[in-house]
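Enquirer: Got a structure for you, written out below as structure tokens; questions coming shortly.
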Amino acid sequence: MIEIDGSFGEGGGQIVRTAVALSAVTGKSVRITKIRQGRSKPGLAAQHARAIMALAGICDARTSGVEPGSSEISFSPGEIRGGRHRVEIGTAGSVTLLMQCLLPALLRADGPSSLRIHGGTDVSWAPTVDYFKNVFLPALSSFGAKVSLEVLQRGYYPRGQGEVLLEVEPAKLTASQLAGRSCEAQSMVQGVSHCSNLPEHVAARQADSAVQELQQAGFSAQISREVLRLPSLGSGITLWSDCKGSSCLGERGLPAEKVGRRAAEELIIELKSKATVDVHLADQLIPYLALAGGSYTVREISLHARTNIWTAGHFLDAKIKIKEEKGLFRIESFLQDCGL
């Protein structure tokens, strides 16, 4: 059984999600200890436990310790099954973090999968559903994955009640050379500004301030607006161009103009870099780089990326190297025959 120190590096829920995902894919049992030891509320959060149990159901895994507050779990996977699955995360637990945990396994399932998930689509400390759909999934397709996502209803903190439908075809992943893409001419920035149970001018002000900031930096933008009436109240904006994206969520006391401006400022930093992926996408793609090989460049290496590389190394023989070149960092995977 593989032993993982859950307090290593970034020391958060990502170690747990990556470890159980790669356990399911490789068929190697894992024990994770010291889970989120350095957090103000250590141990598994409710949404972490829900993701692990959802994955266990898909791959017929035996588990122990999977409950909120637990600092140690074990996960012993079986055969990965496709089919129709439904997951209720509860309240505003992130649907995108759950999908991150399940996707590697679903790509190795014995048939197509349809996954309907209820939870939060636009919540703090997680990729927004628009980022997942318009940045992460297109990048994942470069590895040969065929995945589609339909957003049926948004859900904000704290009530959640969002709903998405994820459709996954089994695939034999292939190496992706994202580092070979030309970054000289950026395509137009796309985006969506949304609000629920708020005046419609909130979405407009978020979008207008983002467009203004982007234009001042020399980038054209086209941002759609959604004014919604949902069970939950909230707002936000997500921007993207190719393999780079950014987002900002509204909060009490934060003017809509600042929400749009923050998202634009974050994306501008990425767009002005010659890197092929943004800082967040770089760490999200690590499991697939370890499984299939390839390379991409990023302007800086996050602690999340280093932690994901360390975690993947426990399950796979791929050698992931980081090389600094021309002010950027190239993350590259050299595969050995690991029988997958």
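Matching residues to (1) open to solvent by 10 Å² or more (accessible area, probe 1.4 Å); (2) over 25 Å from Arg31 (Cβ atoms):
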residue: Cys59; (1), (2): no, no
residue: Ser64; (1), (2): yes, no
residue: Gly69; (1), (2): yes, no
residue: Gly82; (1), (2): yes, yes
residue: Leu97; (1), (2): yes, no
residue: Gln100; (1), (2): yes, no
residue: Leu107; (1), (2): no, no
residue: Asp110; (1), (2): yes, yes
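Enquirer: State yes or no: is Ile301 closer than 30 Å to Gln212 by Cα, modelled with pLDDT of 95 or more and buried (at least 16 other Cβ atoms within 10 Å of the Cβ)?
Expert: yes
Enquirer: Report every pair of residues separated by at least 6 positions or lying on different chains whose Cβ atoms are under 8 Å apart, first residue within the range 21-42 and within 15 Å of Gly9 (Cβ to Cβ) and without any contact (Cβ under 8 Å) to a residue 40 or more places away in the chain, second in a loop (DSSP other than H, G, I, E, B) and not small (Gly, Ala, Ser).
Expert: Thr33/Glu72; Lys34/Glu72; Ile35/Pro42; Ile35/Leu44; Ile35/Glu72; Arg36/Pro42; Arg36/Leu44
Enquirer: Just to confirm my filter: which helices (runs of 4 or more DSSP H) fall fully inside the range 240-336 and include at least 2 residues that are among the β-branched types (Val, Ile, Thr) and on the phi < 0 side of the Ramachandran plot?
Expert: 256-272, 303-312
Enquirer: Output the residue which, of all residues in the range 15-43 that are open to solvent by less than 10 Å² (accessible area, probe 1.4 Å) and part of a loop (DSSP other than H, G, I, E, B), is nearest to Phe315 (Cα to Cα).
Expert: Ile35
Enquirer: Just to check your reading of the model, which residue among Phe8, Phe75 is of a type in the set (Phe, Trp, Tyr) and either open to solvent by less than 50 Å² (accessible area, probe 1.4 Å) or on the phi > 0 side of the Ramachandran plot (or both)?
Expert: After ruling out the rest, the residue left standing is Phe75.
Enquirer: Given Ile223, Ile268, Ile237, Ile286, which one is touching a Cys at 6+ places or on another chain (Cβ under 9 Å) and crowded, with 17+ Cβ neighbours inside 10 Å?
Expert: Testing whether each residue is touching a Cys at 6+ places or on another chain (Cβ under 9 Å) and crowded, with 17+ Cβ neighbours inside 10 Å leaves just Ile237.
Enquirer: For Ser235, are the conditions met, namely being at pLDDT 95 or above, among the small types (Gly, Ala, Ser), under 23 Å from Gly93 (Cα atoms) and outside any loop (DSSP other than H, G, I, E, B)?
Expert: Answer is yes for this residue.
Enquirer: Any idea which of Ala139, Ala171 is closer than 19 Å to Ala24 by Cα and buried (at least 17 other Cβ atoms within 10 Å of the Cβ)?
Expert: Going through Ala139, Ala171 in turn, the sole match is Ala171.
The values are calculated or read from the model by the stated rules, or taken from the named source; none is laboratory data. Computed from a predicted model, the values in this text were never measured in an experiment. Glycine gets a Cβ as well: all are built from the backbone with ideal geometry, and neighbour counts include every protein chain shown. Ligands, DNA and RNA are stripped out before the accessible areas are found, and what is left, the full protein with its side chains, is counted by its heavy atoms. Shrake-Rupley method; radii C 1.70, N 1.55, O 1.52, S 1.80 Å.
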